[in-house]
Ligand code: 1GP
């Protein structure tokens, strides 16, 4: 679906739902508004775990037709009632658990499940504050001005066989990913490019698409303002 939309020059939008920040009522309210939001897919995941992720997915499935893609902050956020999973390799970091360790633990479960596996090169980019993903993953982000390192890392991800590249400033980031970095990474890869983290204004979305992102991810902005897209 992602590739077909790119072929038709369709820029794509993801809304990130963090199960810990929602309750049944807020999820239902969100689903009622979904047709007014330009959204193609839902990502479900977060850094901590206060409730069973499957419950959140069930509510979203019952009340919307959008594909639900797991965006797991940890192995505890894998559930086979979603449609797909971003199988993240945190290739900007050097923590073996997020490069291969967790993948080995989850491998048998994922192979038996019906989840569509989306192998994703996940690049954490410095964004002006220490984000949850930086702290929890115990990895150093790529400095925001080191465009050559981001490009080389993205190329390495693609030639290793990863099917998507994700430039991540981190949820609630102070600064979005450097637009020049998005542009250069896009020029150098042929797999779809996802960009997210810290997007607070509508006009930033257009700039990020223009720089080359195929998919933009919005989380915090919509959590803070339910009329963000209206
Ligand atoms: C985080 O890129 C996503 O993984 C979304 O970030 O919550 O800052 O929109 P925000």
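What follows draws every value from the coordinates through simple rules; no lab data is involved. Worth saying up front: this structure is predicted, and the values here are computed from it rather than measured. With ideal geometry, Cβ positions are generated from the backbone for all residues, glycine too; neighbour counts draw on all protein chains shown.
At-a-glance table
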item: Peptides ranked, highest mean first, by Cβ atoms within 10 Å: ranges 26-34, 193-201, 42-50; result: 193-201, 42-50, 26-34
item: Cα gyration tensor category, rounded, prolate or oblate, for the chain with a/c compared to 1.5; result: rounded
item: Cα gyration tensor, the range 110-194 - rounded (a/c under 1.5), prolate or oblate; result: oblate
item: Most mobile listed residue (108, 188, 52) in the chain, GNM with C-alpha springs under 10 Å; result: 108
item: Full-stretch length increase - residue 106, residue 210 - with 0.36 nm per residue and alpha-carbon distance subtracted; result: 33.8 nm
item: R0 of 30 Å, Cβ-Cβ distance residue 179-residue 225: FRET efficiency to nearest 0.05; result: 0.85
item: Length released on extending from residue 117 to residue 136, taking residue separation times 0.36 nm less the Cα-Cα span; result: 4.5 nm
item: The chain, relative contact order in percent, only Cα pairs under 8 angstrom and at least six apart counted; result: 18
item: The range 162-230 versus the range 96-130: alpha-carbon centroid distance in Å; result: 19
item: Highest-MSF residue in the chain out of 117, 125, 215 [GNM, Cα springs under 10 Å]; result: 117
item: Label-to-label distance, nm, for residues given as residue 80 and residue 6 (7 Å Cα→Cβ offset); result: 2.9
item: Global form of the range 1-48, assessed from the alpha-carbon gyration tensor, a/c cut-off 1.5; result: oblate
item: Residue among 106, 150, 84 with the largest mean-square fluctuation in a Gaussian network model of the chain, springs linking Cα atoms under 10 Å; result: 106
item: Value of [θ]222 nm, deg cm²/dmol, for the chain, DSSP H segments ≥ 4, -39500 (n - 2.57) each, nearest 500; result: -10000 deg cm²/dmol
